[in-house]
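Participant: Handing you this structure, nothing more for now.
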Amino acid sequence: MPRLRKPHALQPGDVLGVVAPAFAADAGLLRAGCAGIEAAGFGIRRRKDVLARKGYLAGDDARRVAEFEAQIASPEIAGLICARGGYGSQRLLPSLDPEAVRQARKPLVGFSDITSLLLWQLRCAGLVGFHGPVLERQQPLTRAERHSLLAALSGELPAPFRGKGRVRGVGRGRLVGGSLTLLAASLGTPWEVQTQGAILLFEEVAEKPYALDRLLVQLQSAGKLDGLAGIGVGHLEGCVDPKRSRPSADAVVVGILSQLGIPLVTGLPFGHRRPNLTWPLGVRAEIDGTRGELRFLEPGAGRRRAQEMRGDHR
């Protein structure tokens, strides 16, 4: 992995470019999501073909690659926010230029299927990205979600995340993670998740408890649960089995992970339930399994573009 670099911090008035690397977006929901970002003080720029559709995808792979590359290259675009997740991001990754992404230093925001894109950016471009909201949502961002997103993009130190401590102890490491399904899907790829010495964060939606078991065992068998500093679990939304009421998703996850003997916190506020707070992949953090907290030790964004151009190294 290249030496880690942080994207530029944003400020009110900066323009976010919309990218749709996965499922096709709903026009009304996307419009509402863009309006919410504009109300928060940012500009929004989207291409005319952002609502393209080919099957379940937002247009063919070539269209989605071209859109991403254009938003990365545009000097008017300060950061990127994804229209939605679903599936399709990993189809683009072999065609993307990691050096162009690294040099642009634009913050990228998304979650769910966007996990693949964030892992690729971290591993191949060596650039911090943000696990946070996408534009297509059934409901507007809550006040807490908006504040978390704006603080992260502006280079502020995120407020601690609070959950439920399950295994006592304190661990420090760099944050990595996202959708549990996409973490497992990264194995054997050039963007395979790197967990040694890290704090692993994950969330999931609509996977039955036995499927969560299978995904965790796959990561464990691949050595990805060895040498971790700690684990934080976000929302496990809709992870139920109508045929088997027990064990619950929580019981399965805690049962497997508690055997590792490292700090474990569940119920952290991110994922496919409200609130979905923003956190940066690649930065140093501390997880406290006694207090049930995830504390960030550094911001995810660096100095602003104007500061770097002036040679301001504060």
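The values are calculated or read from the model by the stated rules, or taken from the named source; none is laboratory data. Here the structure is a predicted model, which means the values were calculated and not measured. Here the Cβ positions follow ideal geometry from the backbone for every residue, glycine too, while neighbour counts run over all protein chains shown.
Participant: What are the residues in region 36-69 that are touching a strand residue (DSSP E or B) at 6+ places or on another chain (Cβ under 8 Å), hydrophobic (A, V, I, L, M, F, W, C) and surrounded by fewer than 20 Cβ atoms within 10 Å (Cβ to Cβ), if any?
Facilitator: Matches in region 36-69: Ile44 only.
Participant: Among the listed residues Leu216, Leu277, Leu228, Leu260, identify the single one that is within 18 Å of the chain's Cα centre (by Cα) and of a type in the set (A, V, I, L, M).
Facilitator: Of the residues listed, the single one that is within 18 Å of the chain's Cα centre (by Cα) and of a type in the set (A, V, I, L, M) is Leu277.
Participant: Also, quick follow-up: Which of the residues belonging to region 95-112 are hydroxyl-bearing (Ser, Thr, Tyr) and either closer than 19 Å to Ser154 by Cα or surrounded by fewer than 18 Cβ atoms within 10 Å (Cβ to Cβ) (or both)?
Facilitator: Ser95 - this is the single residue of region 95-112 that is hydroxyl-bearing (Ser, Thr, Tyr) and either closer than 19 Å to Ser154 by Cα or surrounded by fewer than 18 Cβ atoms within 10 Å (Cβ to Cβ) (or both).
Participant: Name the residues in region 122-141 that are out of contact with any Lys or Arg (no Cβ under 6 Å at 6 or more places or on another chain) and surrounded by 24 or more Cβ atoms within 10 Å (Cβ to Cβ), would you?
Facilitator: Scanning region 122-141 gives Leu122, Gly129, Phe130, His131, Gly132, Pro133, Leu135.
Participant: Being buried (at least 23 other Cβ atoms within 10 Å of the Cβ) and not hydroxyl-bearing (Ser, Thr, Tyr) is the requirement here; does Val205 meet it?
Facilitator: When the stated conditions are applied, Val205 does not pass them.
Participant: Among helices (runs of 4 or more DSSP H) lying entirely in region 177-268, which contain 2 or more residues that are free of Cβ contacts under 8 Å to residues at least 24 places away in the same chain? Reasoning before the result, please.
Facilitator: Details: elements: 180-185, 209-221, 249-257.
Of the helices (runs of 4 or more DSSP H) lying wholly inside region 177-268, those with at least 2 residues that are free of Cβ contacts under 8 Å to residues at least 24 places away in the same chain span 209-221, 249-257.
Condition check ((1) in contact with a Lys or Arg (Cβ under 9 Å, 6 or more places away or on another chain); (2) at negative phi) across all residues:
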{"residue": "Arg174", "(1), (2)": "yes, yes"}
{"residue": "Gly188", "(1), (2)": "no, no"}
{"residue": "Phe202", "(1), (2)": "no, yes"}
{"residue": "Leu216", "(1), (2)": "no, yes"}
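Participant: Quick one: is Leu118 modelled with pLDDT under 95, within 22 Å of Ala58 (Cβ to Cβ) and hydrophobic (A, V, I, L, M, F, W, C)? It would help to see each step written out before you state the result.
Facilitator: Numbers: modelled with pLDDT under 95: no; within 22 Å of Ala58 (Cβ to Cβ): yes; hydrophobic (A, V, I, L, M, F, W, C): yes.
Taking the combined requirement at face value, the residue does not satisfy it.
Participant: Of Ile199, Ile256, Ile231, which residue is modelled with pLDDT of 95 or more, farther than 24 Å from Gly129 by Cβ and not assigned by TED's automatic domain parsing to the domain that holds Val134?
Facilitator: Working: Ile199 fails: farther than 24 Å from Gly129 by Cβ; Ile231 fails: farther than 24 Å from Gly129 by Cβ.
Criteria check complete, one pass: Ile256.
Participant: Starting from residues that are out of contact with any strand residue (DSSP E or B) (no Cβ under 9 Å at 6 or more places or on another chain) and not basic (Lys, Arg), keep the ones in region 1-26 and report whichever is modelled with the highest pLDDT.
Facilitator: Asp26
Participant: Cβ-Cβ under 7 Å, sequence separation 6+ or interchain: first residue in region 142-165 and more than 20 Å from Lys6 (Cβ to Cβ) and in a helix (DSSP H, G or I), partner at pLDDT 95 or above and not polar (S, T, N, Q). Which pairs?
Facilitator: Sorted first by the residue in region 142-165, then by its partner, the pairs are Ala144/Pro275; Ala144/Leu277; Glu145/Pro133; Glu145/Pro275; Glu145/Leu277.
Participant: Tell me, yes or no, whether region 38-48 has at least one residue that is farther than 18 Å from Phe270 by Cα, modelled with pLDDT under 95, out of contact with any Ser or Thr (no Cβ under 6 Å at 6 or more places or on another chain) and part of a helix (DSSP H, G or I).
Facilitator: yes
Participant: Out of (1) in a helix (DSSP H, G or I); (2) under 21 Å from the mean Cα position of the chain (by Cα), the odd one out for Pro21 is which?
Facilitator: Every listed condition holds for Pro21 apart from (1).
Participant: Shifting gears a bit: Might you check whether a residue that is in a loop (DSSP other than H, G, I, E, B), in contact (Cβ under 8 Å) with a residue 12 or more places away in the chain and either closer than 25 Å to Leu122 by Cβ or of a type in the set (Val, Ile, Thr) (or both) occurs anywhere in region 25-32? Walk me through it before giving the result.
Facilitator: In the first step, residues of region 25-32 are kept if they are in a loop (DSSP other than H, G, I, E, B); the result is 25-26.
Right, trim to in contact (Cβ under 8 Å) with a residue 12 or more places away in the chain and you get 25-26.
Add one more test, that the residue is either closer than 25 Å to Leu122 by Cβ or of a type in the set (Val, Ile, Thr) (or both), and what stays is 25.
Yes, because at least one residue in region 25-32 is in a loop (DSSP other than H, G, I, E, B), in contact (Cβ under 8 Å) with a residue 12 or more places away in the chain and either closer than 25 Å to Leu122 by Cβ or of a type in the set (Val, Ile, Thr) (or both).
Participant: Let me ask you something else. With the checklist (1) under 20 Å from the mean Cα position of the chain (by Cα); (2) at pLDDT below 95 in hand, flag the one item Ala58 doesn't pass.
Facilitator: Unmet for Ala58, out of (1) under 20 Å from the mean Cα position of the chain (by Cα); (2) at pLDDT below 95: (2).
Participant: Residue check: is Ile256 more than 28 Å from Leu149 (Cβ to Cβ), among the aliphatic types (A, V, I, L, M) and surrounded by 15 or more Cβ atoms within 10 Å (Cβ to Cβ)?
Facilitator: Spelling it out, Ile256 is indeed more than 28 Å from Leu149 (Cβ to Cβ), among the aliphatic types (A, V, I, L, M) and surrounded by 15 or more Cβ atoms within 10 Å (Cβ to Cβ).
Participant: Then there is this: Which residue, of Leu216, Leu212, is farther than 30 Å from Gly33 by Cβ and buried (at least 21 other Cβ atoms within 10 Å of the Cβ)?
Facilitator: Values: Leu212 fails: farther than 30 Å from Gly33 by Cβ.
Every option except Leu216 fails the conditions.
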